[in-house]
Amino acid sequence: MTDYLVKIVLCGDSQVGKTSLLHQFLHHSFLPTYQRTIGVDFEVRTAQRPGLVLKQQIWDLSGDMRFRAIVISYFPNAWTIVVVYDVTARASFESVGNWLAAIVDQREATVVVVGNKVEGHREVQYEEGAQVAREAGALFMETSAASAELTMAWFNVVEEVTAARAKREQLKSGFSMRS
Ligand SMILES: Nc1nc2c(ncn2[C@@H]2O[C@H](COP(=O)(O)OP(=O)(O)OP(=O)(O)O)[C@@H](O)[C@H]2O)c(=O)[nH]1
Ligand SMILES: [Mg+2]
């Protein structure tokens, strides 16, 4: 059994739904009233895979510009970085490029671009999000923090890519022990 302590980071503009997604995933409920994240919050979720225990630290960054200098210091050593935008707010989609630029040095990280609030009135089409992700070499999906099912599907993707990295690290360390 190998244990990994791994870092997952959620970023994206203010009010796109980062905290709501995490809350829905961990507590199975949707909070309609906005409570801004001050700086950064942190949750832990442990996952098991055959021969692996993944202790996932999930960092939920504020989208507020006031905290930008602080939040960008949370990117180094992340295994998975989730860039969230709001499909009902075009400006948040236009910021995705800035977030991708802020993480460009994190070459080891898997990036997942996520369009949230799919049940709302759309200002951004699925294909536009998919294209931005494709160009950045990132994964893409849409979701909604208002839906338990879609939120579960969202976190499954995040957890699977994180677990896949752990599996690769485990294989690498196995080879180096043998050689
Ligand atoms: N309809 C709908 N509303 C959502 C969804 N996700 C979040 N919201 C609402 O959008 C608002 C902002 O959500 P938060 O999760 O606090 O946003 P955030 O990205 O964490 O914002 P910061 O902490 O300021 O960076 C809240 O009022 C939520 O209830 C969604 O999928 N659908
Ligand atoms: Mg928040």
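The values are calculated or read from the model by the stated rules, or taken from the named source; none is laboratory data. It should be emphasised that the depicted structure is a prediction, and the values quoted were computed from it without experimental measurement. In this analysis, Cβ positions are derived from the backbone assuming ideal geometry, glycine residues included, and neighbour counts consider all displayed protein chains.
Residue under question is Val104, and the condition is that it be away from ligand 1 (no atom under 16 Å from the Cβ), crowded, with 21+ Cβ neighbours inside 10 Å and closer than 15 Å to Gly12 by Cα; does it hold?
Working: away from ligand 1 (no atom under 16 Å from the Cβ): yes; crowded, with 21+ Cβ neighbours inside 10 Å: no; closer than 15 Å to Gly12 by Cα: yes.
No.
Anything in the stretch 43-100 that is under 23 Å from Lys167 (Cα atoms), surrounded by fewer than 20 Cβ atoms within 10 Å (Cβ to Cβ) and hydroxyl-bearing (Ser, Thr, Tyr)? List them, or say none. Scanning the stretch 43-100 gives a single hit, Thr46.
Out of Thr162, Thr88, report the one residue that is closer than 21 Å to Asp60 by Cβ and either modelled with pLDDT under 95 or in a helix (DSSP H, G or I) (or both).
Thr162
Suppose the filter is within 14 Å of ligand 2 (Cβ to nearest atom), of a type outside the set (Asp, Glu) and under 13 Å from the mean Cα position of the chain (by Cα); does Lys18 pass it? The answer is yes for Lys18.
Residue-wise test of (1) within 16 Å of ligand 1 (Cβ to nearest atom); (2) assigned to a loop (DSSP other than H, G, I, E, B); (3) within 14 Å of Phe155 (Cβ to Cβ); (4) in contact with a His (Cβ under 9 Å, 6 or more places away or on another chain).
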{"residue": "Thr46", "(1), (2), (3), (4)": "no, no, yes, no"}
{"residue": "Ala69", "(1), (2), (3), (4)": "yes, no, no, no"}
{"residue": "Ala78", "(1), (2), (3), (4)": "no, yes, no, no"}
{"residue": "Val83", "(1), (2), (3), (4)": "yes, no, no, no"}
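State whether one or more residues within the stretch 36-51 are of a type outside the set (D, E, K, R), within 20 Å of Ala146 (Cα to Cα) and touching a residue at least 24 places away in the same chain (Cβ under 8 Å). The answer is yes, given that some residue of the stretch 36-51 is of a type outside the set (D, E, K, R), within 20 Å of Ala146 (Cα to Cα) and touching a residue at least 24 places away in the same chain (Cβ under 8 Å).
Beta carbons closer than 6 Å, at least 6 apart along the sequence or on distinct chains, pair a first residue in the stretch 3-14 that is of a type in the set (Ser, Thr, Tyr) with a second that is within 15 Å of ligand 1 (Cβ to nearest atom) and not in a strand (DSSP E or B) for Ser14/Gly63; Ser14/Asp64. Being part of a helix (DSSP H, G or I), within 14 Å of Gly12 (Cα to Cα) and of a type in the set (Gly, Ala, Ser) holds for only one residue in Gly97, Gly174, and it is Gly97. Scoring Lys117 on the criteria (1) within 11 Å of ligand 1 (Cβ to nearest atom); (2) at pLDDT below 95 leaves a single failure, condition (2).
Out of curiosity, is Glu142 charged (D, E, K, R) and within 25 Å of Ala164 (Cα to Cα)?
Criteria met by Glu142.
Within the stretch 22-42, the set of residues being away from ligand 1 (no atom under 11 Å from the Cβ) and buried (at least 16 other Cβ atoms within 10 Å of the Cβ) comprises just one member, Phe25.
Taking the condition of being within 11 Å of ligand 1 (Cβ to nearest atom) and surrounded by fewer than 19 Cβ atoms within 10 Å (Cβ to Cβ), how many residues in the stretch 151-167 meet it?
0
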